[in-house]
Amino acid sequence: MDFYTQTVSSLLFPFHERLKQHDTVKIRKEMEKTQWYRPEEIKKLQLERLKMFLTDVGQNVSYYQQQFKMQGFSPESITSLDDLRQLSLTDKPFIRKHADQLKANDAYGLARLNTGSSGEPLIFFIGKKRISHDVAAKWGATRWWNVDIGDPEVVIWGSPIELGAQDKIRLFRDKLLRTKLLPPCEMSVEKVNGFIRQIQNMLLFGYPSALAHIATQAKKNKPKAGSSRH
């Protein structure tokens, strides 16, 4: 790890996450601690966290407050994952119908997202807790390969609309973190070959299909490229 990466991962990025009211650093450290647990310890932890999650759901999500009461379901009585069979399954039509009832009344800073183009895109919302866990999980996983926040990274993600919405603050942040955003829609043979030639000790993160396309093109034409990690 070079000095710049160490500065970003230990100072700049944690400060960035605190400003966004994310618990990313705390969650990542907890993940790195529990990843070494024995199987029986992991199962115990999973059950404890499931009970905590369902208890929170039962207290703050109006739809499940009603369902738990109607079915006589108690999170504290759960002894295994099989007990979840007591709850009804959900699907896209269900979520669309009960969208407001499925929002926790203590949620804040919700981000509005939608699923991929499966023909029936689904609008849903995620809060700061979920975002913190997502970022922490990715951060912890890249560290398995000695890649840290602040190492050069190319993110193959987003749409032209999202890219157009990138403001100056986000662009400055990406420059500080040494992150470059590459839209999957710009994947012509010429652009991919040019991109491959620029890769030098960079982390690639994004859609598997886009990464597969880049790898296939690199193998096909074998342009000169540096080492990359993805």
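General observations
So that you can scan it fast, the table gives a plain yes or no per residue for (1) modelled with pLDDT under 85; (2) part of a helix (DSSP H, G or I):
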{"residue": "172", "(1), (2)": "no, yes"}
{"residue": "175", "(1), (2)": "no, yes"}
{"residue": "181", "(1), (2)": "yes, no"}
{"residue": "204", "(1), (2)": "no, no"}
{"residue": "226", "(1), (2)": "yes, no"}
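- Matching residues in the stretch 57-108 - criterion: being over 23 Å from the mean Cα position of the chain (by Cα), among the charged types (D, E, K, R) and surrounded by 15 or more Cβ atoms within 10 Å (Cβ to Cβ): 83
- Residue selected from the stretch 18-77 under the condition of a type in the set (S, T, N, Q), touching a residue at least 40 places away in the same chain (Cβ under 8 Å) and in a loop (DSSP other than H, G, I, E, B), by the criterion farthest from residue 127 (Cα to Cα): 35
- All positions within the stretch 185-202 that are under 26 Å from the mean Cα position of the chain (by Cα), buried (at least 16 other Cβ atoms within 10 Å of the Cβ) and not aromatic (Phe, Trp, Tyr): 187, 192, 196, 199, 202
- Some residue of the stretch 111-134 being farther than 25 Å from residue 184 by Cβ, part of a loop (DSSP other than H, G, I, E, B) and either in contact (Cβ under 8 Å) with a residue 24 or more places away in the chain or outside the structural domain of residue 35 (by TED's automatic domain parsing) (or both): no
- So residue 6, is it touching a residue at least 60 places away in the same chain (Cβ under 8 Å) and out of contact with any strand residue (DSSP E or B) (no Cβ under 7 Å at 6 or more places or on another chain): yes
- Scanning the stretch 88-104 for residues that are under 21 Å from residue 49 (Cα atoms) and at pLDDT 90 or above turns up 102, 103, 104.
The values are calculated or read from the model by the stated rules, or taken from the named source; none is laboratory data. Predicted, not measured: the structure shown is a model, and the values here were computed from it. Here the Cβ is made from the backbone with ideal geometry for all residues, glycine too, and neighbour counts use every protein chain on show.
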